[in-house]
Amino acid sequence: MQETRCEVCTENISKYRCPRCAVRTCSLPCVKAHKNNNECNGLRDKTAYVTIKDFSEGNLLNDYRFLEEVDRKADNVARHIRRKHKPGTPHHLKFLMRMARQRQTTLSLLPYVFTKRKQNSTMFSTRDKEILWHIEWIFAQNNIKYYDKRVSENMVLRNILEKYIDPEMGDPVKKQRLKNYVSAGFKNIQIFMKVEKRSAKSVRYHRLNLQQSMKENLCGKYLVEYPTLYVILSDYCQEFPVQGEVQTETSGVSSSDSETDSSSSDEDSSSESDNSSGGEDSNNKHQISPEWSEGDIVTENKLQECKQDENLQENKLVNYVNEERLEGDKMDTMTNENKK
């Protein structure tokens with residue numbers, strides 16, 4: 001193998017070769033002199049032309065690494081732009097949430113990647129000073145859904161529902177699909193709305209009043225995007241437990257049990273009042289029965305369980321939102337790759 005001399009000093013044998021211009025040098029001073037004289041940065045030109053005859057596996061590997069580096073830098077730039085211009089809640093949606101809060105209705109909005117967020121047409125009319133709600137109707141007995149867009153909050157719930165089940169004013173096609181509701185009439189129909197932030201094991205519903213407006217029915221309620229109302233026949237109302245009524249029934253049962261226990265203890269004490277001192281001690285034991293406070297302990301335990309379920313439901317919702325955001329980032333990355 002023939003030894004080549006340094007192209008800078010031409011005295012010593014070359015040891016190095018410039019990756020960019022392939023100039024051979026022997027030492028560090030010669031390398032620096034080469035860079036100053038030729039204005040060379042010493043970096044390999046990744047886009048330099050290579051003929052097919054000279055193309056080797058090393059060139060192929062260099063091209064592959066170059067493409068990976070370009071892809072990585074493009075992804076970093078896209079992520080930086082998203083972090084710098086992070087999309088927040090638009091002003092008109094913040095105003096809508098504030099107007100709902102003034103009406104004692106808590107409105108929660110999801111990220112735009114959710115289908116429910118894209119479908120929502122709820123808005124606040126600055127001219128009429130009222131909220132126009134997007135309403136989802138679910139006729140559970142027929143498994144049919146309908147949507148109403150921009151319904152005034154001052155409309156009575158019965159009037160909104162007339163176009164579906166009223167024999168005279170309803171749409172003929174819809175009346176045919178909901179003929180069991182039409183035959184039942186408004187007297188045998190009730191409206192429910194699901195209580196949010198509860199676990200799947202303790203689902204509860206709000207019972208709405210057909211003679212009140214949407215504003216009155218939604219007062220004190222928590223909504224996610226828009227109200228979803230269940231239209232239920234009276235024969236199937238037991239399948240939709242109401243939040244307040246279920247608690248009162250359980251508390252009533254516990255109080256009645258405690259009253260029967262106390263009455264039985266009083267009867268035992270009166271029957272044994274004429275006995276000896278040993279009988280009097282047993283009478284006192286009956287009067288101080290621990291069963292008197294069992295109802296209160298049961299209700300407290302149930303309240304604690306409900307709070308724990310609500311916390312779990314909130315954590316699940318936060319995790320679900322984070323997963324959807326990650327999925328949205330992945331979709332953005334895929335769209336950018338397809339554009340390239």
Q.
Spelling out what I want: for every residue of the stretch 217-230, take phi, set θ = phi - 60°, compute 6.51 cos²θ - 1.76 cosθ + 1.60 (Karplus), and round to whole Hz; glycine and proline get x.
A. 5, 8, 5, x, 9, 10, 10, 10, 6, 8, x, 10, 10, 9
Q.
Using the Karplus curve 6.51 cos²θ - 1.76 cosθ + 1.60 with θ = phi - 60°, what ³J(HN,Hα) values do you get for each residue of the stretch 237-243, in whole Hz, with x for Gly and Pro?
A. 5, 5, 7, 10, x, 7, 4
(Q) Over the stretch 135-185, with the other protein chains present, what is the accessible area per residue in square angstrom, probe 1.4 angstrom? (A) 54 Å²
Q: State the Cα centre-to-centre distance between the stretch 60-76 and the stretch 145-182 in whole Å.
A: 59 Å
Q: For the stretch 45-137, with all protein chains present and a 1.4 Å probe, just round the carbon and sulfur fraction of the accessible area to a whole percent.
A: 55 percent
Q: Please label the shape of the stretch 1-49 as rounded, prolate or oblate, based on the square roots a ≥ b ≥ c of the eigenvalues of the alpha-carbon gyration tensor (a/c under 1.5 means rounded; beyond that, a/b larger than b/c means prolate, else oblate).
A: oblate
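The values are calculated or read from the model by the stated rules, or taken from the named source; none is laboratory data. Here the structure is a predicted model, which means the values were calculated and not measured. SASA here: full protein model, heavy atoms, side chains in, ligands and nucleic acids out. Shrake-Rupley method; radii C 1.70, N 1.55, O 1.52, S 1.80 Å.
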